[in-house]
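Structure record follows, encoded as structure tokens.
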Amino acid sequence: MVDEAITFRGAVDTFEDGELRGWCAETPNAGNPVTVSVYEGDRLVGTTMANKFRHDLIFDGLTGSHAYIFPIPAEYYDGKVHEFTVYAGDRVRTIGAPVAVTLVDPEMSYVGEVEGLVGRSLVGQVGNADKRDNRFSIFVAADSGVIATGEAFRAGMGTARFSIDLPEFLFDGARHQISVLVGDKRMELSGSPLFVQTRLVTDDLELAGFKNSLTGAHFQLNSISDQLGEISCNCSPHSCDRPGG
């Protein structure tokens with residue numbers, strides 16, 4: 001039974017970084033900390049104590065130690081809309097208005113791509129609008145498990161870039177399939193899986209070198225042809241005649 005002489009004051013101030021934040025106080029017994037419960041519909045999400053200090057809560061007989069912070073559990077990070085209601089006690093009094101939010105698991109919010117191989121390094125980019133980190137863990141996996149790790153670094157507000165050296169055994173001329181993963185939940189990036197076959201890379205390099213050689217030879221032939229043309233033009237009809245002609 002609720003004591004009618006007791007009233008509750010409070011609010012839901014913000015929803016920030018996955019947390020409901022606000023305050024709740026009991027009057028006239030402001031020194032008693034209040035248990036705050038959070039519900040979604042008729043389902044209890046969890047409880048916390050409204051006993052954290054905030055200087056702005058020292059007014060009208062309040063002591064300042066009435067704030068609460070309630071982190072929303074991970075199970076609600078499913079991309080769906082959830083409406084949470086905050087109560088003083090176990091649904092004794094509603095505190096503030098219901099809050100409707102859509103939560104997405106930050107570990108499933110990565111975007112990026114594998115750009116390819118530069119020498120023996122795997123390069124690409126990755127970003128995550130739901131994480132403020134400037135570094136993201138990158139994993140390279142094959143059938144045997146994780147074979148290389150590294151980090152993507154972000155400078156400023158752009159995407160983070162990575163360059164990861166691949167192990168020697170991949171460079172044996174055989175065809176290997178590898179996957180590129182990011183974050184604690186190993187989310188696969190666009191462009192993954194991909195195949196590494198160094199014989200093809202070597203052949204391409206050799207072909208490029210051969211083309212460069214042909215181009216150089218072509219320029220040399222053109223130069224010789226130009227020189228022969230100049231010699232021909234410098235010959236007068238009489239000077240080029242044979243004796244007795």
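Bear in mind that the values in this text are calculations on the coordinates, not laboratory data. Keep in mind that what you see is a predicted model, and the values were worked out from it rather than measured. Every residue, glycine among them, receives a Cβ derived from its backbone with ideal geometry; neighbour counts consider all protein chains shown.
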Checklist entry - If you find the alpha carbon centre of segment 110-142 and of segment 1-64, how far apart are they in angstrom? => result 43 Å
Checklist entry - Tally Lys/Arg at +1 and Asp/Glu at -1 over every other residue whose Cβ is under 13 Å from the Cβ of Val45; what's the total? => result -4
Checklist entry - Binned at 5 Å from 0, what are the whole-percent values of the Cα-Cα distance distribution for segment 7-104, short to long? => result 3, 14, 26, 24, 16, 9, 5, 2, 0
Checklist entry - For segment 107-199, what is the Kirkwood hydrodynamic radius in Å, using each pair of distinct C-alpha atoms? => result 13.3 Å
